[in-house]
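Engineer: Let me begin by handing over the structure; questions about it come next.
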């Protein structure tokens with residue numbers, strides 16, 4: 001790809017998840033322009049649960065530091081879950097959060113019904129795979145779409161070229177690869193006659209598959225069901241220049257299942273990589289090796305850093 | 001039980017509820033022959049796949065010419081044909097959509113089943129008369145979302161398999177739209193569409209038809225315990241297996257859905273279409289399963305108050321099943337009882353052994369087309385769209401030249417068989433697998 005860099009390049013937003021107020025402040029201080037938070041009552045696989053009052057404090061803390069706050073409301077809602085949802089959205093608007101992230105169309109309907117003014121970001125994870133669908137949600141009120149992690153670089157560039165909404169790409173961290181409404185860990189424990197314990201993220205459960213038993217796929221349950229996560233962490237740091245040339249609007253670092261120290265260091269490395277490429281291609285090339293080393297130094301040994309599907313071919 | 005008034009054989013009325021329309025029995029068909037048998041065995045509608053945009057990349061799938069033949073046949077029998085175009089599209093899939101949809105319209109297809117809004121938008125432009133059904137792949141689980149799609153011009157929503165009977169009732173209360181529900185067959189254990197295990201394990205894109213059913217594979221589960229005194233000195237934390245040597249491994253395999261025993265609940269909840277899964281399933285499966293739902297729905301609408309599940313129907317269903325059965329989410333979140341662990345179940349399996357082409361009332365001899373080997377002395381069963389199933393032993397049989405034979409080993413060979421009871425063209429003969 002033709003490298004521009006330097007003054008011509010637009011700096012993308014750097015977004016990171018936060019599990020609590022402390023992490024939120026620290027990742028912002030490390031260079032995040034925006035943070036993503038939520039509560040599992042409304043959002044999928046949030047890093048930690050923020051009650052409404054904590055969202056208020058988080059928003060104040062972020063805004064005081066010039067950063068934005070996005071709240072995940074991207075669960076799959078059943079009829080009963082709709083109760084209280086309009087009030088929740090209104091409260092988020094009143095708090096002044098900068099965007100609401102949705103996956104279920106019910107949020108679009110309710111936003112319409114209550115005249116919500118907060119921008120909506122579409123994130124149905126694996127379902128966001130083409131620009132026409134992203135533009136469709138744009139016409140329905142979304143200002144941004146989050147690209148599925150199963151796409152390659154060419155597809156992402158093509159999406160950005162044709163998108164009428166902002167495009168967000170995950171550049172680092174774990175991804176969800178399976179979501180069931182059932183309690184699959186609990187069911188297994190019961191099947192084996194064990195007393196089931198809550199299979200929360202804290203239990204650090206994982207599964208392995210026969211043919212690749214060196215790969216550990218984390219698995220956990222919450223009120224939204226069972227989630228299986230990738231065995232590897234995406235790390236696109238070395239290719240950030242390509243994504244910046246493509247003018248991707250937002251880079252997301254997924255910080256769930258990692259501690260604050262790790263997330264702060266990762267945010268800091270991506271911050272410096274973005275700033276370096278904005279300075280020029282040479283600055284980027286001169287720094288990227290060291291920045292990669294910084295990430296490798298803190299990467300858990302059993303979780304390989306990969307480029308995910310960015311350079312992978314898939315068949316069907 | 002609520003008092004129900006029969007208005008006609010297609011409409012009934014409950015005292016407090018609305019008029020209930022007779023629901024459609026919707027069957028899968030992997031090819032033209034299966035489609036014809038699905039219709040003959042009672043399907044009001046059949047869904048199929050085309051050469052692209054569907055989720056069964058490895059199925060036979062229909063060419064546009066075959067679709068034309070399919071709609072001609074189905075329409076002549078008062079049935080409809082839907083095409084599953086329910087991939088989650090990537091950029092490069094979009095270019096073919098307009099032509100594809102125009103071809104479907106020309107082939108007389110009654111509706112498409114679609115999950116990706118990009119395909120909905122393109123179809124509205126390219127084939128404006130095409131009826132749109134929202135696929136279960138869109139994971140629709142609440143009435144607000146159903147209302148949204150209604151306003152977008154979708155005439156029917158296939159609900160997520162995670163929705164309960166009570167939730168369907170509530171959705172119907174809020175939104176006047178056709179609701180289709182999977183009542184029978186294999187199912188995703190994840191929210192449909194929200195799984196990329198195949199992409200990760202086999203580089204096959206599940207949401208474009210490449211699903212390798214990784215959920216049903218065997219896994220080991222471990223718990224990473226906090227580091228304790230005795231483990232210090234080792235690198236990292238010590239994972240503890242969640243299982244013992246003799247325990248079955250962790251897996252995510254659901255039993256198959258079967259709502260045949262609970263059809264009155266589904267009818268009274270207002271489900272408009274009963275969908276049977278299985279575009280990859282055999283002709284024997286499709287005919288058998290479709291026919292039991294046909295019989296049950298007809299029996300209910302003929303006399304709702306006296307309706308009782310006929311155990312014979314369930315027995316037939318079991319003969320076509322490869323897994324044990326569950327009611328999924330219809331009555332609450334499934335438990336470990338609704339999953340399969342360990343070795344495959346040992347269920348009696350039946351082969352489709354022969355198709356009745358003709359029956360001579362005088363000689364009581366049927367002409368069969370062989371579909372699986374059978375021999376003199378075998379116990380076989382005959383069943384058909386309307387006849388009562390019966391069992392008999394093969395006593396005498398002849399080949400095309402009327403020579404007496406003891407066995408029919410050749411695929412599609414014509415065989416004449418002495419019958420205990422009359423049969424008709426399109427009836428089937430099955431035999432237990434040994």
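Throughout, read-outs are computed from the coordinates displayed, never taken from laboratory work. For clarity, every value in this text was computed on a predicted model and none was experimentally measured. Note that each Cβ is placed from the backbone with ideal geometry, even for glycine, and that neighbours are counted across all protein chains shown.
Engineer: Restricting the count to DSSP beta bridges whose residues both fall in the range B:1-129, what percent are antiparallel, rounded to a multiple of 5?
Structural biologist: 35
Engineer: GNM on chain B, C-alpha springs below 10 Å: top fluctuator among B:284, B:90, B:322?
Structural biologist: Most flexible of the set in this elastic network: B:90.
Engineer: OK, next. Of all DSSP beta bridges located in the protein assembly as shown, what percent are antiparallel, nearest 5?
Structural biologist: 50
Engineer: Which residues in the range A:186-225 have a backbone N closer than 16 Å to a point placed 7 Å from the Cα of residue B:244 along the Cα-to-Cβ line?
Structural biologist: Output list for this probe position: A:189-196.
Engineer: Pick out which of B:388, B:162, B:403 has the largest mean-square fluctuation in a Gaussian network model of chain B, springs linking Cα atoms closer than 10 Å.
Structural biologist: Maximum fluctuation in the GNM of chain B, among the listed residues, is at B:403.
Engineer: A further question follows. Counting other beta carbons within 10 Å of each residue's own, what order do B:421, A:303 fall into, fewest first? Show your work: numbers first, answer last.
Structural biologist: On the way: B:421 10, A:303 18.
So the residues, fewest neighbours to most, are B:421, A:303.
Engineer: For the pair residue B:401/residue A:164, report the inter-label distance in nm, with labels modelled 7 Å from Cα in the Cβ direction.
Structural biologist: So the label points at residue B:401 and residue A:164 sit 7.4 nm apart.
Engineer: Order by neighbour count: A:88, A:277, B:191, fewest other Cβ atoms within 10 Å first, most last.
Structural biologist: A:88, B:191, A:277
Engineer: Can you tell me the length gained on complete extension of the stretch residue B:169 to residue B:369, counting 0.36 nm per residue apart and subtracting the Cα distance?
Structural biologist: Fully extending the segment from residue B:169 to residue B:369 adds 67.4 nm.
Engineer: Which residue, A:132, A:294, A:53, tops the fluctuation ranking in a GNM of chain A built on C-alpha contacts under 10 Å?
Structural biologist: Answer for the Gaussian network model of chain A: A:53.
Engineer: Given a Förster distance of 25 Å, report the FRET efficiency between residue A:117 and residue B:151 from their Cβ-Cβ distance, rounded to the nearest 0.05. Write out the running numbers ahead of the final one.
Structural biologist: On the way: r = 21 Å, r/R0 = 0.85.
Once the sixth-power term is evaluated, E becomes 0.70.
Engineer: Still on this structure, I have one more. What FRET efficiency would be calculated for the residue pair residue B:412, residue A:275, taking the C-beta separation as r and a Förster radius of 45 Å, to the nearest 0.05?
Structural biologist: Efficiency, rounded to the nearest 0.05: 0.05.
Engineer: So in chain A, what percent of DSSP beta bridges are antiparallel if you round to the nearest 5?
Structural biologist: Numbers: 13 of 45 bridges.
DSSP beta bridges in chain A are roughly 30 percent antiparallel.
Engineer: Next question, about the same structure. To the nearest 500 deg cm²/dmol, what mean residue ellipticity at 222 nm is calculated for the protein assembly as shown from DSSP H runs of n ≥ 4 alone, each contributing -39,500 (n - 2.57), summed and divided by the residues? The partial results should precede the final answer.
Structural biologist: Details: 21 runs with 221 residues, N = 750.
Calculated from helices alone, the mean residue ellipticity at 222 nm is -9000 deg cm²/dmol.
Engineer: Quickly work out the residue A:293-to-residue B:33 label distance, labels modelled 7 Å from Cα along the C-beta direction, and quote it in nm with one decimal.
Structural biologist: In this crude label model, residue B:33 to residue A:293 measures out at 6.8 nm.
Engineer: Taking 8 Å as the Cα distance limit and 6 or more residues as the minimum spacing, I'd like the relative contact order of the range B:145-210 as a percentage.
Structural biologist: It comes to 28 percent, rounded to a whole number.
Engineer: Now, a different point. Express in nm, to one decimal, how much length is gained between residue B:21 and residue B:434 on full extension, taking 0.36 nm for each residue of separation and deducting their alpha carbon distance.
Structural biologist: Computed gain between residue B:21 and residue B:434 is 144.3 nm.
Engineer: How high is the FRET efficiency between residue A:286 and residue A:265 when r is their beta carbon distance and R₀ equals 25 Å, given to the nearest 0.05?
Structural biologist: 0.80
Engineer: Something else: I need the shape label for the protein assembly as shown. Rule: rounded when a/c is under 1.5, else prolate if a/b > b/c, else oblate, with a, b, c from the alpha carbon gyration tensor. Write down the numbers at each step before the final one.
Structural biologist: Numbers: a/c = 2.01, a/b = 1.80, b/c = 1.12.
It comes out prolate by the Cα gyration axes.
Engineer: Output the relative contact order of the range A:134-285, whole-number percent, from Cα pairs under 8 angstrom with separation of 6+ residues.
Structural biologist: It rounds to 26 percent for the range A:134-285.
Engineer: If you don't mind, another one. Taking the number of other C-beta atoms within 10 Å as the exposure measure, put A:259, B:358 in order starting with the fewest. Kindly include the intermediate steps, with their values, before the conclusion.
Structural biologist: Details: A:259 11, B:358 14.
By the 10 Å Cβ count, ascending: A:259, B:358.
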